[in-house]
Amino acid sequence: MGRTNRKRRSTLANRAIAASAALALGGGGLLAANIYASAGEGKNSTQNAQTTAAGVATIKCPDVGQQLTDVPKGARAGVDKELAKLDQQVTEAYKRLADTRQAQAGDSSYVNNAILSPLKSKRTATIDRINNSIKRKGGKAPQGADQLAGCEGVPADQPAAGEGQGGNGQDQGQDNGQDQGQDQGNGQDQGQDNGQDQGQDQGNGGQDGNGPAAADFQDITQVQPTGGAKGVGPNGLPANGDSGSTGTFTTNCGTNENENRNSDNVIVAPGVSNGAQHQHDYVGNQDNDAFASDQDLAAADTSCQNQGDKSSYFWPVLRVQDGQDDIDANAPGGGQDGNVGTILQASEAQLKFVGNQKSDVVAMPTALRIITGDAKSFVNGLANANTNWSCTGFEDRQLTDKYPICPEGSSVVRTTNFQSCWDGQNIDSANHRTHVSFVQADGTCGNGFQAIPQLQVRLVYDVDAPQIQNGQVQNAFAVDSFPDQLHKPITDHNDFINFFDENTMNQVVDCINSGQDCQ
């Protein structure tokens, strides 16, 4: 399965933290702010890049993959590998940003000349290869490669206007019926303090120097009740009613007791080792790695009690940054990519499928792939973000861009509700999103899509609450992320590949459509 091996932690942490201490300038030190970069694509801001070097928090690049809606199937494998190269190029540039603070302090143009310009050249060549691959197979490549290639440095003292103020802002906005973008009444200025008080004097926090920061956490007892996780009514069904298909099907696949993990992502980066650059927990299918074919997955063992469910359920691990080395301390996806500390095993992992509030559901096709949330939402913006953070006993209060600080006796909860409308034809799409969607405001599927069982994942973690003193966070916990995403809670995401056998999937559909609760 390509599991990680125990190795020594990367020295990136020491270099970054030392640079932060030496160059913190009035709150504008190393990776100092939690800023939502502009969601607009294609802007290459030299002005931003040339702001005070120590104030550049991270690097924002257009998400090329999301622009690719017309990639012939024959070109997708090659294109996905090139997209993984783009991710690696950004990671390498980000690490140079963290490693060169002294040079940046002495030269205001250093970031642009030594980091962003070379990055643009590499991205241009990679995007050209992507375009050529698409054209050779008869597809239409996106226009404006120059704009897609250019990146910008996001300055610590310049939050982007209007970001973080729309709840989750992502098409999930349709899944809760009507008020998805208004959950911000969480009582904590969700997204509006980004870049203002987020990183005052604490660098960007975190054991490896790239997050999370103190202002990424919120006391759950100070959050106003919102009625529960977005997209879900009080009975666990999609919000706005209990008509339609009201049954449920729960599959018990454990909590990854056998520590089945890797830093691949066979959906977005098939054939690319460490394509995710962060560790995933896998439950259900036991053979999911970057090189697994559909045939491999169909023939694999499963951790699910119901052996008719060989589906793959996977999500980024949660770690506590306790100064301890885990098994991947100096490995790709772990310490080498800024993901450090002890990996936490969930104490509960509930996988439940529910129905549609307006209609029956149809069977999911074998090998259907669904990604929900956006691992790059900190720099991409909120269009595809899908996060729900809370605490046991307080699940009527949900956070979208903060990690919860839970009171004694309460555990951290991550809840994810997947897209539940399918185009009726494709098991995947070029950007891994357009073949599925969330329901519309009235609970129906638009664009001729069909309602499918909605997967709801609820993960519970027993972890001590972080301590925040003088703007510093101690024993923080955070999801694994791409290094440039600074371990922000908004980057949480979840993945699913359907490998229910036909009989079991029919049982799922029958239970949901007939109003039964099955497992």
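The values are calculated or read from the model by the stated rules, or taken from the named source; none is laboratory data. Small disclaimer: the values here were computed from a predicted structure and weren't measured. Note that each Cβ is placed from the backbone with ideal geometry, even for glycine, and that neighbours are counted across all protein chains shown. In case anyone asks, the SASA skips ligands and DNA or RNA and just uses the protein heavy atoms, side chains included. Shrake-Rupley method; radii C 1.70, N 1.55, O 1.52, S 1.80 Å.
So which of A105, A93, A98, A125 ends up being free of Cβ contacts under 8 Å to residues at least 24 places away in the same chain and among the aliphatic types (A, V, I, L, M)?
None of the others qualify; the one that does is A125.
Tell me which residues, restricted to the stretch 109-136, are among the β-branched types (V, I, T) and farther than 11 Å from A93 by Cβ.
T124, T126, I127, I130, I134, listed by residue number.
If you scan the stretch 493-519, which residues turn out to be open to solvent by less than 10 Å² (accessible area, probe 1.4 Å) and either modelled with pLDDT under 95 or part of a loop (DSSP other than H, G, I, E, B) (or both)?
Matches in the stretch 493-519: N498 only.
Looking only at the stretch 385-393, decide whether some residue is among the polar types (S, T, N, Q) and either more than 22 Å from L459 (Cβ to Cβ) or touching a Pro at 6+ places or on another chain (Cβ under 8 Å) (or both).
Scanning the stretch 385-393, I find at least one residue that is among the polar types (S, T, N, Q) and either more than 22 Å from L459 (Cβ to Cβ) or touching a Pro at 6+ places or on another chain (Cβ under 8 Å) (or both), so the answer is yes.
Which ones in the stretch 104-125 are charged (D, E, K, R) and modelled with pLDDT of 95 or more?
K120, K122, R123
Show the residue pairs meeting these rules: Cβ distance below 7 Å; 6+ apart or different chains; first residue within the stretch 320-346 and more than 23 Å from E257 (Cβ to Cβ) and in contact (Cβ under 8 Å) with a residue 60 or more places away in the chain; second residue of a type in the set (S, T, N, Q) and assigned to a strand (DSSP E or B).
Pairs found: none.
State the number of residues belonging to the stretch 63-76 that are open to solvent by 60 Å² or more (accessible area, probe 1.4 Å) and in contact with a Gly (Cβ under 8 Å, 6 or more places away or on another chain).
Residues meeting the conditions: 1.
Looking at the stretch 442-470, which of its residues are within 30 Å of D216 (Cα to Cα) and either among the charged types (D, E, K, R) or open to solvent by 10 Å² or more (accessible area, probe 1.4 Å) (or both)?
Those that are within 30 Å of D216 (Cα to Cα) and either among the charged types (D, E, K, R) or open to solvent by 10 Å² or more (accessible area, probe 1.4 Å) (or both): Q456, R458, D462, V463, D464, A465, Q467, I468, Q469, N470.
How many residues are in a strand (DSSP E or B) and in contact with a Cys (Cβ under 8 Å, 6 or more places away or on another chain) when one looks only at the stretch 423-475?
Final tally of qualifying residues: 4.
Name, by its number, the condition in (1) touching a Leu at 6+ places or on another chain (Cβ under 6 Å); (2) not in a loop (DSSP other than H, G, I, E, B) that does not hold for V413.
Evaluating V413 over (1) touching a Leu at 6+ places or on another chain (Cβ under 6 Å); (2) not in a loop (DSSP other than H, G, I, E, B) leaves (1) as the failure.
Can you name the strands (runs of 3 or more DSSP E) wholly within the stretch 306-407 that have at least 3 residues being at pLDDT 95 or above and farther than 24 Å from C253 by Cα?
Ranges flagged: 403-405.
Is it the case that some residue within the stretch 416-437 is modelled with pLDDT under 95, under 25 Å from C511 (Cβ atoms) and in contact with a Lys or Arg (Cβ under 8 Å, 6 or more places away or on another chain)?
No - not one qualifying residue is present in the stretch 416-437.
Hey, can you tell me all the residues within the stretch 489-519 that are under 21 Å from N426 (Cβ atoms) and in contact with a Cys (Cβ under 7 Å, 6 or more places away or on another chain)?
none
Just one of the numbered conditions (1) in a loop (DSSP other than H, G, I, E, B); (2) free of Cβ contacts under 8 Å to residues at least 24 places away in the same chain is not true of Q295; which one?
Status for Q295: all satisfied but (1).
State whether the residues of the stretch 471-488 include one that is open to solvent by 20 Å² or more (accessible area, probe 1.4 Å) and out of contact with any helix residue (DSSP H, G or I) (no Cβ under 8 Å at 6 or more places or on another chain).
yes
Outside any loop (DSSP other than H, G, I, E, B), in contact (Cβ under 8 Å) with a residue 40 or more places away in the chain and either charged (D, E, K, R) or within 27 Å of G78 (Cβ to Cβ) (or both) - does that describe any residue in the stretch 249-258?
No, there is no match, as no residue in the stretch 249-258 is outside any loop (DSSP other than H, G, I, E, B), in contact (Cβ under 8 Å) with a residue 40 or more places away in the chain and either charged (D, E, K, R) or within 27 Å of G78 (Cβ to Cβ) (or both).
Go through the stretch 334-345 and report how many residues are surrounded by fewer than 24 Cβ atoms within 10 Å (Cβ to Cβ) and not β-branched (V, I, T).
Of the residues in the stretch 334-345, 3 are surrounded by fewer than 24 Cβ atoms within 10 Å (Cβ to Cβ) and not β-branched (V, I, T).
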